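The values are calculated or read from the model by the stated rules, or taken from the named source; none is laboratory data. What you see is a predicted model; the values in this text were computed from it and never measured. Backbone-built Cβ (ideal geometry, glycine too); neighbour counts: all protein chains shown.
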Amino acid sequence: MLCLAGDFGMEDLQSICEDMICLNLEPTLAFQVLTNALGAKQKGHKGLQTIIDKCIEHVGDNPGACLKANEFLSIHVDTLVAIISSDQVSIHYKNP
């Protein structure tokens, strides 16, 4: 639905879809939505940058929960690259 709203320029519907996704965002869902949105964007679908940014922001705001999620271990390499290369996520190493 989000892809169709973006493709047809239905900004109100697109905003509603984004709000619903963000309202229910959790680590498991963040990785799934991010992977799907990146794939759809690569295929030419429009209007996905906001949800991509929101998912990356969620990972950056909740790094502990996201990195401990089982889904993190099996995310697509493009998803991992998007997260790591984002300015919204910073990873700090603590020397034990």
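What to note about this one:
- Within the stretch 8-21, the set of residues being over 14 Å from the mean Cα position of the chain (by Cα) and under 13 Å from residue 37 (Cβ atoms) comprises just one member, 14.
- Residue ID - surrounded by the fewest Cβ atoms within 10 Å (Cβ to Cβ), chosen from residues in the stretch 16-34 that are acidic (Asp, Glu) and either more than 13 Å from residue 66 (Cβ to Cβ) or touching a strand residue (DSSP E or B) at 6+ places or on another chain (Cβ under 7 Å) (or both): 19
- Residue 47 of a type outside the set (A, V, I, L, M), surrounded by fewer than 12 Cβ atoms within 10 Å (Cβ to Cβ), on the phi > 0 side of the Ramachandran plot and not in a helix (DSSP H, G or I): no
- Hey, residue 27 at pLDDT below 90 and touching a helix residue (DSSP H, G or I) at 6+ places or on another chain (Cβ under 7 Å) or not: yes
- Per-region count, the stretch 2-44, residues closer than 19 Å to residue 62 by Cβ, in contact with a Cys (Cβ under 8 Å, 6 or more places away or on another chain) and part of a helix (DSSP H, G or I): 6
- Search result, residues across the stretch 35-44 that are surrounded by 14 or more Cβ atoms within 10 Å (Cβ to Cβ) and either under 17 Å from residue 68 (Cα atoms) or of a type in the set (S, T, N, Q) (or both): 35, 36
- The residues on offer are 66, 55, and the sole one that is part of a helix (DSSP H, G or I), modelled with pLDDT of 90 or more and out of contact with any Ser or Thr (no Cβ under 7 Å at 6 or more places or on another chain) is 55.
- Scanning the stretch 27-50 for residues that are in contact (Cβ under 8 Å) with a residue 24 or more places away in the chain and more than 16 Å from residue 78 (Cα to Cα) yields 27, 28, 45, 46, 47, 50.
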